[in-house]
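Worksheet: one structure, shown below.
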Amino acid sequence: HQSDFSIKKISNDEVKRPSRKQLGLTNSLHIGRHFTVDLESIDVPFGGKWKPSTIDSSIISEKIAVLVPYRDREEHLKTFLSYIHPFLQRQGRYYGIYVIEQHGDEPLFCKGLLFNIGFNAALEDDDYDCFIFHDVDLIPEEDRNLYTCKDSPRHLSVAIDKFNYTLPYEQLFGGVTALKTSHYRQLNGYSNLFCGWGGEDDDMFKRLYRHKLKVSRPETDIARYKMLRHRQTPLNPARYALLKTSIKRASEDGLSSLETMGYQMTSTSRQRFFSHILVNIADRN
Ligand code: BGN
């Protein structure tokens, strides 16, 4: 299943953006005292898709897409990529990394919308069975934390250093999650309406509840993550109000309403360590 992922170019918005260096070709990375990884040593084909060389494609049981919504955090992205590739390769996964980058006039970061766009774009690229929804600032610490989909949706970032390696609340479904393609469709994806920090994951939890899909989690001593430091991003002022209507909106707000959302796919391309989906989101106000 091949696609022309690198060819689509819809608008000229890219000229308005500040020019960026090719990501991650030379840097050595440091997070905390114990971690140092050299991106140059990462062995992955251009475009960030990889499969175990010993495996015949026809017998691969699960294809995994890792979706990473992104804006303006180049250092984090480099660090993330330098860890995630070796991590997934040690686990012997067939995988592709998709970075969905927001630009345009919308001041707030619309994570759910980016996830939905990334989901469709990745499926145009390959027939993925399993999606990992991944914050760029979370680095898995344990190889035993398997990036795979099971019969129930999984919440993988159970124990984050920032929260002293404990789960802040039982309904938390943010950070890193794994859902089968069929489940994500059934849930109508994420809400497109959450822009700014907070709430889109709580809204997703309500969707799971609505479909009686139980969340499963790996053990706390396995599902450990380091969170990269950053300033608090602007909050979503509408999150409390939106969360009151989660169930009511669920069937109309998500994958099914993407076309009405007023965004543009600026480009899709292969970069050195990932496939890149650049999305222009216009200011909603
Ligand atoms: C919650 C956020 C989540 C976030 C977790 C962990 C909201 C909605 C209003 C209650 N939820 O408070 O989105 O993942 O914290 O940081 O802000």
For residues that are touching a Ser or Thr at 6+ places or on another chain (Cβ under 9 Å) and touching a residue at least 60 places away in the same chain (Cβ under 8 Å), tally how many sit in region 233-256. 3
In region 90-122, which residues are aliphatic (A, V, I, L, M), surrounded by fewer than 23 Cβ atoms within 10 Å (Cβ to Cβ) and within 15 Å of Gly48 (Cα to Cα)? Ala121
So in region 187-201, with the set limited to residues that are within 16 Å of the chain's Cα centre (by Cα) and either away from the ligand (no atom under 15 Å from the Cβ) or of a type in the set (D, E, K, R) (or both), which one is surrounded by the fewest Cβ atoms within 10 Å (Cβ to Cβ)? Asp201
Is it true that Thr245 is at pLDDT below 95, within 16 Å of the ligand (Cβ to nearest atom) and not basic (Lys, Arg)? no
If I filter region 232-285 down to residues being under 17 Å from Pro69 (Cα atoms) and among the hydroxyl-bearing types (Ser, Thr, Tyr), which single residue comes out as surrounded by the fewest Cβ atoms within 10 Å (Cβ to Cβ)? Thr233
Quick one: Tyr147 ticks every box in (1) away from the ligand (no atom under 13 Å from the Cβ); (2) closer than 22 Å to Ser256 by Cβ; (3) of a type in the set (Phe, Trp, Tyr) bar one, so which box is it? (2)
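The values are calculated or read from the model by the stated rules, or taken from the named source; none is laboratory data. As the structure is a computational prediction, the values presented were derived from the model and not from experiment. Note that each Cβ is placed from the backbone with ideal geometry, even for glycine, and that neighbours are counted across all protein chains shown.
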